[in-house]
Amino acid sequence: MGMKKVVIFILTIFALSGICLAESGIIVSISPAMIVQGDPIFLTVNSTSSPIKIYFNGKNIPIFKYLGKPRGLIPVDIHQSPGVYNIEVFLLNGEKIIEPITVTEREKIEAPLGIPEKLGGNTPAAATNLVNNLAKENATLVNLRTGTKAFWTKSFRAPLATLTITDPYGYNRKTGEYTIAHKGTDFHADVGTKVYAMNRGVIRVAHTYTIYGKTIIVDHGLGLNTLYMHLSKIYVNVGELVLPGQVIGLSGMSGYADQPHLHLSVKIDGISIDPVIFLKFFGLI
């Protein structure tokens, strides 16, 4: 077969499979390069034709503009089975791009974590009470209201002036007979350290919980939330519009915490993802 026929044949195969080639090269770019369970995916569409729909794992992914390009934030659940999945991008001109990604298994790490005396100490009854309260608190955080558009257009910023990780996302905490997944990242912060809104958004939660302590949740629109927990002070109210860098509270050790720190969670469409990977999207770590 001649070279010209080979090229035509290859292009035909791509067309039949629904994968489109751009003259400029890559139509869809994805970060991070290696994806593990619990990671967010930052997708950018580099096309003269606008994307009208993005799908991942059967779910519609909202499209927003950032730095002049259409983007999508895709959450990979920490319990997502490892394997190959397709991201489907539908363009206004009728083209469809299929971008396969590989989700790899997150390393399984388990570490003990005791119960402070303020929550009953290390007893079976306290452990059971802790888990029951945690389930109740999580239930109140399901289906929080979210904006139908992105409230932010500029880069995210760090929630603290200095970021020092003390506990990573994704490991299992052994508390008595129970195992509790740590779906956030803990950062060193003495009591009274200023905590900043990571971007423009609306306060959906400003409440004191038994386990999560004093908690603030900022809705950045399109299902993207940042959560700030174990605070000592809350300076905002539900429904308030906050700006990036605004002081929304002070760090502490309220709730299920045995030392002062800031617990940061990031949720996309209700799925808690690794905050460190999210911060890396904006060059913050």
- Of the conditions (1) surrounded by fewer than 20 Cβ atoms within 10 Å (Cβ to Cβ); (2) in contact with a Lys or Arg (Cβ under 8 Å, 6 or more places away or on another chain); (3) within 29 Å of residue 67 (Cβ to Cβ), the single one that residue 218 does not satisfy is (1)
- Exactly one condition in (1) modelled with pLDDT of 95 or more; (2) hydrophobic (A, V, I, L, M, F, W, C); (3) surrounded by fewer than 10 Cβ atoms within 10 Å (Cβ to Cβ) is not met by residue 130; state its number. (3)
- Query: Out of the residues in region 27-38 that are touching a residue at least 24 places away in the same chain (Cβ under 8 Å) and not β-branched (Val, Ile, Thr), which is surrounded by the fewest Cβ atoms within 10 Å (Cβ to Cβ)?
  - Reply: 34
- residue 100 vs (1) assigned by TED's automatic domain parsing to the domain that holds residue 211; (2) loosely packed, with under 15 Cβ neighbours inside 10 Å; (3) not in a loop (DSSP other than H, G, I, E, B): all pass except (1)
- Query: Within region 140-149, is there a residue that is in contact (Cβ under 8 Å) with a residue 24 or more places away in the chain, of a type in the set (A, V, I, L, M), part of a loop (DSSP other than H, G, I, E, B) and not assigned by TED's automatic domain parsing to the domain that holds residue 213?
  - Reply: no
- Message: Out of everything in region 39-79 that is polar (S, T, N, Q) and closer than 19 Å to residue 224 by Cα, what residue ends up being surrounded by the most Cβ atoms within 10 Å (Cβ to Cβ)?
- Response: 44
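The rows are residues; the columns are (1) surrounded by 14 or more Cβ atoms within 10 Å (Cβ to Cβ); (2) in contact with an Asp or Glu (Cβ under 6 Å, 6 or more places away or on another chain); (3) within 18 Å of residue 116 (Cβ to Cβ).
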position: 137; (1), (2), (3): yes, no, yes
position: 142; (1), (2), (3): no, no, no
position: 152; (1), (2), (3): yes, no, no
position: 181; (1), (2), (3): yes, no, no
position: 185; (1), (2), (3): yes, no, no
position: 196; (1), (2), (3): yes, no, no
- So residue 231 clears everything in (1) within 16 Å of the chain's Cα centre (by Cα); (2) more than 22 Å from residue 132 (Cβ to Cβ); (3) among the hydrophobic types (A, V, I, L, M, F, W, C) except one condition, right? Which one? (1)
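Rundown of residues vs (1) within 20 Å of residue 149 (Cβ to Cβ); (2) touching a residue at least 40 places away in the same chain (Cβ under 8 Å); (3) part of a strand (DSSP E or B); (4) not aliphatic (A, V, I, L, M), yes/no style:
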| residue | (1), (2), (3), (4) |
| --- | --- |
| 191 | no, yes, no, no |
| 204 | yes, yes, yes, yes |
| 226 | yes, yes, yes, yes |
| 236 | no, no, no, no |
| 244 | yes, yes, no, yes |
| 254 | no, yes, no, yes |
| 258 | no, yes, no, yes |
- residue 277 passes all but one of (1) part of a helix (DSSP H, G or I); (2) of a type in the set (Val, Ile, Thr); (3) surrounded by fewer than 20 Cβ atoms within 10 Å (Cβ to Cβ); which number fails? (3)
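The values are calculated or read from the model by the stated rules, or taken from the named source; none is laboratory data. In this text the structure is predicted, and so the values were computed from the model without any measurement. No Cβ is skipped: glycine too gets one built from the backbone with ideal geometry, and neighbour counts run over all protein chains shown.
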